[in-house]
Amino acid sequence: MAKIIRVILYLILFQLSFDFSGSVSFGGELIFKRFQPTMIEVKVDENLHWDYDNKIARQKAETIYNYIHQKHNAEKSYAAIYSCPGRADLFVTVSALINTQENYGKRFFLIEEGEQGFSLLSKTHGMMDSYILRPTFFTANNRTIILGDTGAEYSWGVVAFEIVNDKLKDLGTINVAKPTEEDTVNPIPDAQLKLSSGKLIVEFHTDLVFDPGGYNDRLAKRVNNQPINFEYDGKKFLLIK
């Protein structure tokens, strides 16, 4: 009996291992580690406030904040400064650009800190009429992927970007949200990223509303509590049926 237990434990340890990024490998699948920043609000007055990641020193956060709105025409209010997991010299900020017409709204900025100060490496397209852009970071095998919740009074869906060669690569959108009794909310807390046979998979461990707020919105329930999965095909995320 003791020998059988030892064999079982050995098999478990053989399948379950951790890489240096903190991600988990199980049965040939690599699960990304989640980083959900804790934000600190800076309230300047009744109309002006912004947030920064509590992993960033206040003075550095203010320097990045001033750099973005002074050098790159970003709005002062509703900005947010995030540290990039695994990179002490890299920061992701969220802000809207001023006086834009076609490509407007909140967006991600990728900021690098160097010997000469801060520099803008990349920025994404605007989220247009979305009031919010809330990122969650996922890392594994030196890859960093950002899932961002968008919306206004309710969640509109998820945008995905990957930091590749110090640039923000647009992976596309996953047009889903989590249902509640009243509205749809951010589905990312119920999401898990993994690599399976080299394919990037986003699993949602919750029921979902497809096309939330749209003309074709529809509820999709999980079957036997199994996740609803999307696979990235190199251009966009596709529902795995």
Check off (1) out of contact with any Leu (no Cβ under 7 Å at 6 or more places or on another chain); (2) touching a residue at least 12 places away in the same chain (Cβ under 8 Å); (3) closer than 22 Å to D129 by Cβ for V176 and give me the number that stays unchecked.
(1)
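So is V164 crowded, with 17+ Cβ neighbours inside 10 Å and at pLDDT 95 or above or not? Before you say what the answer is, go through the steps one by one.
Values: crowded, with 17+ Cβ neighbours inside 10 Å: no; at pLDDT 95 or above: yes.
No: the conditions fail for V164.
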What tally of residues in region 209-222 results from selecting those that are under 18 Å from L238 (Cβ atoms) and out of contact with any Asp or Glu (no Cβ under 9 Å at 6 or more places or on another chain)?
1
The one condition R107 fails out of (1) of a type in the set (K, R); (2) over 21 Å from K236 (Cβ atoms); (3) within 13 Å of the chain's Cα centre (by Cα) is (2)
Which members of region 79-107 meet the condition of being among the β-branched types (V, I, T) and without any contact (Cβ under 8 Å) to a residue 40 or more places away in the chain?
I81, T93, I98, T100
Take region 190-210 and flag every residue that is at pLDDT below 95 and assigned to a loop (DSSP other than H, G, I, E, B).
S197, G198
Determine which single condition I56 fails, assuming it passes every other condition in (1) closer than 23 Å to N142 by Cβ; (2) among the β-branched types (V, I, T); (3) not in a loop (DSSP other than H, G, I, E, B).
(3)
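If you check L147 against the conditions, is it in contact with a Pro (Cβ under 9 Å, 6 or more places away or on another chain) and either hydrophobic (A, V, I, L, M, F, W, C) or closer than 24 Å to D183 by Cβ (or both)?
Details: in contact with a Pro (Cβ under 9 Å, 6 or more places away or on another chain): yes; either hydrophobic (A, V, I, L, M, F, W, C) or closer than 24 Å to D183 by Cβ (or both): yes.
Criteria met by L147.
Among the residues of region 182-189, is any more than 24 Å from Y131 (Cβ to Cβ) and at pLDDT 95 or above? So that I can check it myself, show each step before the final result.
Going through region 182-189, the residues more than 24 Å from Y131 (Cβ to Cβ) turn out to be none.
No; the residues of region 182-189 include none that is more than 24 Å from Y131 (Cβ to Cβ) and at pLDDT 95 or above.
If you check D51 against the conditions, is it acidic (D, E), buried (at least 18 other Cβ atoms within 10 Å of the Cβ) and in a strand (DSSP E or B)?
Values: acidic (D, E): yes; buried (at least 18 other Cβ atoms within 10 Å of the Cβ): yes; in a strand (DSSP E or B): yes.
Answer is yes for this residue.
The values are calculated or read from the model by the stated rules, or taken from the named source; none is laboratory data. In this text the structure is predicted, and so the values were computed from the model without any measurement. We place every Cβ from the backbone using ideal geometry, glycine too, and count neighbours over all the protein chains shown.
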